[in-house]
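In what follows, a single structure is set out as C-alpha cells and then discussed.
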Amino acid sequence: MSASQEKPKKTSEAINERVKALLARMTLTEKIGQMCQVDASAGYAPDYLGEDLRAGRIGSVLNVVDVNAVNELQRIAVEESRLGIPLLVGRDVIHGFRTIMPIPLGQAASWNPDLVAEGARVAALEAATAGINWTFAPMIDISRDARWGRIAESLGECVLLASRLAVAMVEGFQSDDPAARGAIAACAKHFAGYGAVESGRDYATTNIPETKLRNVYMRPFNAAVDAGVMSLMTSFSDLNGIPATGNEFLLRQVLRDEWKFDGFVVSDWDSIRQLQIHGLTENDRESAFEAAAAGVDMEMAGDAYNTHLGELVECGRIDINDVDVAVANILRAKFRLGLFESASTDPEALPSIGNDHALETAQQAALQSVVMLKNDNAVLPLCAEKLSSIAIIGPLSDAPYQQLGTWIFDGDTDLSITPMHAIHSLVGHDLNVRYVRAMEHSRSKVNDAFDDAVEIARDSDAAVLFLGEESILSGEAHSRADINLPGDQAELVRRIRETGKPVIAVILAGRPLTLTNIVDQVDAILYAWHPGSMGGPAIADLLFGVESPSGKLPATFPRMVGQIPIYYSQKNSGKPATRDNIVHIDDIDTRAPQTSFGMSAFHLDTHFTPLFAFGHGLSYADFAYENIRVSADQIGLGDTVTISADLVNKGDVAAEEVAQLYIRDLVGNVTRPVRELKGFKRLRLEPGQKITVDFQLHTDDLAFYGRNMQRMTEPGEFHAWVGGSSEAQLRTEFRIAAGDQ
Ligand code: NOJ
C-alpha cells in the first residue's frame, strides 16, 4: 500500500461520546489517577493498592500475571471505585507469553509479516488468559549497533522491514477489533531514537539529525500509528539534548499534530523522574511538569504525576484541558478494549496455553528465522542414511532456558525442545548421536572437557557445534563491547577443526556476533538467534534437510566491532571505498613510506564490507535471478512503476526464497542512502521452477524528508536491484519526470 493510501485508524464517535460523558463526571484526583500506572508484581491486591483503587488513584497496573489477582484488582476498580473505571493491565509480552517465539530480531529474519502476526496473536491469546490486556510491544527501534543488548528485541536495521513487521505485530496483538476475546492493546516503543544510543551502551544519549530521525528512526512508529497502534512508550534516552520523556517535539508536534495519533503515550519505567537525573529538571515536580507539558499521558511505575500533577494544575502551570486530553486518550483505549463491558477474565473461555497451534507457530517461526550464513561444499544438509554417527557439542546444545532469549518473564521452560533432544528424536534410531557439552556455559573459560569433545568428534562422521551467547548476554542493560563468541568457544572450534571432520556451527545468540575468528574454521553456519520454545525441532529439520533454510539477515554482520555502525543503507560519502582504492595494514610497504593510501572511507585493518550483508541467507536450493525489467523507463509523480525479474530454482529441492527489491535515488535535496529496501516477497519454488517476481513502486514509496523537513518525492534518476540480498547485482533504471507535484 502506498503512503498516500494509508489512513489512520480512528476511534468511533460512539466511544468519543462515552469518553466525554465520563470525563465530565471526574474529579481532578480521578483524572490524575488514570494517568498513573503502578507496579503490582506482588501478585495480589495489597491494602494500599486496594485503597488507591477505590479512591480512583490508579488507572493501570503492570506485572501482575495471576489471573485471580488481576480479576480481584479489576473487581475493586469496577465495583468499589466511584466511577467504576476498569484497569489497563500491562506486561512485557515481547515474543510470546508461555510459548516463546524466536526473539524479535530472529522473527525479523523470517521476513514473513503473516507469520510474525500469527506469533503476536498466539502471544496475545496466551497473555489474555492471565488477564493481561496491554503488551509493551512491538519494540521497533531501528538498531544498527550489535553491541546494544536491545538489538535482540528489535526488528533490525531496515526501515521498510521493521515497519512492515511492526504493523504485523500490532495487527496480531490487537486483531481487527481490540475488544475481541484474546486481543490485547499493543504499545510501539521506544519513541524515539533509542537504537542510536552512543556506542551501543544502553540508556546512553542519542544525537540524531532531524532528517535522519524522520527518514529512519520515526518511520516504523509512523507505520504503527497508521496501523492503529493503541499506545506508544517514550524512550529512556536523551534525544539531541531533550530526553524523549520530556520531548514536546516528539510527543506533540510529530505524534499528535502531524501523525494524528489518537492513542495514549506511556513513559518508560520511572523515566519521568529520571528527567532530573538527565539534568533537565531540578526535582520531581519539574519532571512531572516537563513530561505532562510534553505530552506523556501516563506515568509508568513512578510517583511524579501522583504527587505533583494536582498542584501543577491548581497553580495554573498545567492547563486542566491538557489533563483532560491525556485522560481521554487513556479512556478511549479502555473503551476500545471493551473493558467497560467486561473487565474480568475467564481463562477457560480462551484456548489453552502451549496448544498445538501455538507450538506449530513457534516452530514455523523458528524454522523461517534461521539464516544459513555459509555452506561450503554443500556439507549441509546432513544425510542420515549416509552417516553412521554425529557428534553434538557445545554449551547451547541442550539448554532449554537459554534458547528462549531475553524478555521471557512468563516463558515456560517445560515447553522448550532443545536441539539435542530434537536431533535424537529425528535421527537417533538411524545413527549414533554422541553428546558432550564441553562448556558449562557460553562464557566459560574452563576447557577441561575439550578433550572429550575432540574424542567424540574424531569418532563421528560430522560435528555439530551449538555455540553463541546465553540469553543474559543480550536484552535490556546487557550491551557488550566485545561481540565475539564469549568464553573459550573459539578455542573449542579450533580444537574440533583439527579432527578434520566436517564442522557445522549452529549459533544461538541475541545479536549479530563477530564471527571472523571462526568463520574459516567451520564448513557451515546456521544462525538461529535465540529460537524460542521450538528451536530444537526447527534446527534439527534444517540440519537434516527436512526443510531448507530460508531466513535472511535483518541486520548487517560486521567483521570487527570497530566497523559499527555498519548497515546496508549507508550514505555514499564523497570518497566511497571500492575494492581498488583500499589498502590493508599488512600490505603497507614499510620500506618505501607513504603518507597516504586509498583515500577512501575504509579501515586500514579490515575490509570495508561486512562479513555478511543485510538480506543475506543461503538455501539448499540454488536460486538465480535473471532478466530484470522495468514497466516504464520514465514515469510521472503519482504514477506506479513495476520492477520485475525472473527467479529460478536451479537446485533439486523445493525451498522458500525471500526476493528483495532495492533502490537508489541518485540525487537528492538531502543525500540519499546507497540502497534502500523497497519491497520483499517470500516465495516457494519447486526444483526447476521459474517465476516472475513483480514489485510495484508508487512514487510516494520513494518519498523522503528533505532539508525543509517536508516529505517529498523528487524527480530524477533511480537505480533498482532485485535479488536475494542487499548485495544484489541485477540492476535496472527508471526516471521520474519533473511535473506538477
Ligand atoms: C523498561 C523497558 O525499557 C521497557 O521496554 C519495558 O516495557 C518496561 N521497562 C516495562 O517492563
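What tally of residues in the stretch 530-546 results from selecting those that are assigned to a loop (DSSP other than H, G, I, E, B) and surrounded by fewer than 24 Cβ atoms within 10 Å (Cβ to Cβ)?
Count: 3.
So Gln174 passes all but one of these: (1) more than 16 Å from the ligand (Cβ to nearest atom); (2) touching a residue at least 60 places away in the same chain (Cβ under 8 Å). Which condition number does it fail?
Result: Gln174 passes all but (2).
Which ones in the stretch 383-405 are in contact with a helix residue (DSSP H, G or I) (Cβ under 6 Å, 6 or more places away or on another chain), touching a residue at least 24 places away in the same chain (Cβ under 8 Å) and open to solvent by 10 Å² or more (accessible area, probe 1.4 Å)?
Once the filter is applied, which keeps residues that are in contact with a helix residue (DSSP H, G or I) (Cβ under 6 Å, 6 or more places away or on another chain), touching a residue at least 24 places away in the same chain (Cβ under 8 Å) and open to solvent by 10 Å² or more (accessible area, probe 1.4 Å), the stretch 383-405 yields Ala384, Asp398, Tyr401, Gln402.
Would you pick out the residues in the stretch 44-57 that are in contact with a strand residue (DSSP E or B) (Cβ under 8 Å, 6 or more places away or on another chain) and either assigned to a loop (DSSP other than H, G, I, E, B) or farther than 21 Å from Val323 by Cβ (or both)?
Leu49, Arg57
Please determine, by comparing only the residues of the stretch 276-314 that are among the hydroxyl-bearing types (Ser, Thr, Tyr) and either within 16 Å of the ligand (Cβ to nearest atom) or part of a helix (DSSP H, G or I) (or both), which one is most open to solvent (accessible area, probe 1.4 Å).
Thr307
If you go through the stretch 194-216 one residue at a time, do you hit one that is away from the ligand (no atom under 16 Å from the Cβ) and crowded, with 22+ Cβ neighbours inside 10 Å?
Yes; the residues of the stretch 194-216 include at least one that is away from the ligand (no atom under 16 Å from the Cβ) and crowded, with 22+ Cβ neighbours inside 10 Å.
Matching residues to (1) within 16 Å of the ligand (Cβ to nearest atom); (2) within 26 Å of Thr211 (Cβ to Cβ); (3) modelled with pLDDT of 95 or more:
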{"position": "Phe236", "(1), (2), (3)": "yes, yes, yes"}
{"position": "Ala244", "(1), (2), (3)": "yes, yes, yes"}
{"position": "Arg256", "(1), (2), (3)": "no, yes, yes"}
{"position": "Asp262", "(1), (2), (3)": "no, no, yes"}
{"position": "Ser267", "(1), (2), (3)": "yes, no, yes"}
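Within the stretch 434-444, identify whether any single residue is buried (at least 22 other Cβ atoms within 10 Å of the Cβ) and touching a residue at least 60 places away in the same chain (Cβ under 8 Å), and answer yes or no.
no
Being within 16 Å of the ligand (Cβ to nearest atom), under 29 Å from the mean Cα position of the chain (by Cα) and in a loop (DSSP other than H, G, I, E, B) is the filter here, so list the residues in the stretch 21-42 that pass it.
If the condition is that a residue be within 16 Å of the ligand (Cβ to nearest atom), under 29 Å from the mean Cα position of the chain (by Cα) and in a loop (DSSP other than H, G, I, E, B), then Ala40, Ser41 are the ones that fit.
With the structure loaded, tell me whether Arg91 is away from the ligand (no atom under 16 Å from the Cβ) and open to solvent by 10 Å² or more (accessible area, probe 1.4 Å) or whether it fails that test.
Judged against the criteria, Arg91 is not a match.
Which of (1) surrounded by fewer than 24 Cβ atoms within 10 Å (Cβ to Cβ); (2) not in a loop (DSSP other than H, G, I, E, B) does Asp262 not meet, given it meets every other one?
If we test Asp262 against (1) surrounded by fewer than 24 Cβ atoms within 10 Å (Cβ to Cβ); (2) not in a loop (DSSP other than H, G, I, E, B), just (2) comes out false.
Could you tell me whether Ser12 is more than 16 Å from the ligand (Cβ to nearest atom), under 25 Å from the mean Cα position of the chain (by Cα) and modelled with pLDDT under 95?
no
Can you name every residue in the stretch 627-684 that is outside any loop (DSSP other than H, G, I, E, B), hydroxyl-bearing (Ser, Thr, Tyr) and open to solvent by 20 Å² or more (accessible area, probe 1.4 Å)?
Passing the criteria: Thr640, Thr642.
Which helices (runs of 4 or more DSSP H) does the stretch 58-164 wholly contain that include 2 or more residues that are in contact with a strand residue (DSSP E or B) (Cβ under 7 Å, 6 or more places away or on another chain) and either under 20 Å from Thr406 (Cα atoms) or of a type in the set (Lys, Arg) (or both)?
Of the helices (runs of 4 or more DSSP H) lying wholly inside the stretch 58-164, those with at least 2 residues that are in contact with a strand residue (DSSP E or B) (Cβ under 7 Å, 6 or more places away or on another chain) and either under 20 Å from Thr406 (Cα atoms) or of a type in the set (Lys, Arg) (or both) span 113-128.
In the list Ala123, Ala108, which residue meets the criterion of being buried (at least 19 other Cβ atoms within 10 Å of the Cβ), farther than 30 Å from Thr307 by Cα and within 15 Å of the ligand (Cβ to nearest atom)?
Ala123 is the lone residue from the list that is buried (at least 19 other Cβ atoms within 10 Å of the Cβ), farther than 30 Å from Thr307 by Cα and within 15 Å of the ligand (Cβ to nearest atom).
Out of the residues in the stretch 138-150 meeting the condition of being in contact with an Asp or Glu (Cβ under 7 Å, 6 or more places away or on another chain) and of a type outside the set (Lys, Arg), tell me which one is nearest to the ligand (Cβ to nearest atom).
Step by step, filter the stretch 138-150, then rank; the result is Met139.
The values are calculated or read from the model by the stated rules, or taken from the named source; none is laboratory data. Note that this is a predicted model, so its numbers are computed, not measured. Reconstructed Cβ throughout: ideal geometry from the backbone, glycine too, with neighbour counts over all protein chains shown. Each accessible area value is taken on the protein alone, full model and side chains, heavy atoms only, with ligands, DNA and RNA left out. Shrake-Rupley method; radii C 1.70, N 1.55, O 1.52, S 1.80 Å.
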